[in-house]
Amino acid sequence: LYDMTTCIGCKSCQMACKDRHDLPAGELIRRVIGYEGGKFPHPWLYYLSLSCNHCGEPLCVGNCPTGALHKEPVYGAVLIDGSKCVNCLQCLQTCPYGQIQFLESLGKVAKCDLCLDLVAAGELPACVGACVMRALHFGPLAELELADRGVKDVKALPNSAISQPSLVIIPDRQAL
């Protein structure tokens, strides 16, 4: 769950992910993007903290010619099997959220792995644990979907019907 109403755009989630994956400058798996508009006396600003949404119907998995992308059965994470990936980049073109990256430093495609080793040990994903405003939450999707005011669609994202993202957003009013 991502609460846009409490996110201040500090990017601690982005940095925690970057640190966890030991990525060099310029390479990111999680990104915080700011959107602004309006004009005096009514300007507005909101942030989206984006990473793989571990979709219920992941287009990247269905379009991967080698089967390298797959849906992990326990937590529903979409993962990449590096031994099968041939870097054809079809997954980059297929993800409606643009959340699969080709990392030059690694010479391969990468994406959020939900910090499954941490989750399996009973801990939170690095981004969630690092969020100073507690705008990110992790848990069973059915429980997160019960969040008051939670939605699946906001202006900056594609229609959720495309891939059924495992994401709930408490939106800023400007994002609706």
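The values are calculated or read from the model by the stated rules, or taken from the named source; none is laboratory data. Just so it is clear, the model here is predicted, and its values are computed rather than measured. Neighbour counts run over all protein chains shown; Cβ positions are idealised from the backbone, glycine included. The area values use the complete protein model at the heavy-atom level, side chains included, leaving out ligands, DNA and RNA. Shrake-Rupley method; radii C 1.70, N 1.55, O 1.52, S 1.80 Å.
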Answer yes if at least one residue in the range 156-164 is surrounded by fewer than 17 Cβ atoms within 10 Å (Cβ to Cβ), within 26 Å of A68 (Cα to Cα) and among the hydrophobic types (A, V, I, L, M, F, W, C), and no otherwise. yes
Taking C52 as meeting all but one of (1) in contact (Cβ under 8 Å) with a residue 60 or more places away in the chain; (2) open to solvent by 60 Å² or more (accessible area, probe 1.4 Å), write down the number of the exception. (2)
Any hit, the range 15-35, residues being outside any helix (DSSP H, G or I), at pLDDT 95 or above, open to solvent by 70 Å² or more (accessible area, probe 1.4 Å) and under 21 Å from L167 (Cα atoms): no
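So that you can scan it fast, the table gives a plain yes or no per residue for (1) in contact (Cβ under 8 Å) with a residue 12 or more places away in the chain; (2) in a loop (DSSP other than H, G, I, E, B); (3) in contact with a helix residue (DSSP H, G or I) (Cβ under 7 Å, 6 or more places away or on another chain); (4) surrounded by fewer than 13 Cβ atoms within 10 Å (Cβ to Cβ):
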site	(1), (2), (3), (4)
K84	yes, yes, no, no
C88	yes, yes, no, no
F102	yes, no, yes, no
V109	yes, no, yes, no
D117	no, no, no, yes
L106 vs. criteria in contact with a Gly (Cβ under 8 Å, 6 or more places away or on another chain) and modelled with pLDDT under 95: no
Counted residues, the range 59-73 - those being open to solvent by less than 70 Å² (accessible area, probe 1.4 Å), assigned to a loop (DSSP other than H, G, I, E, B) and more than 14 Å from D113 (Cα to Cα): 3
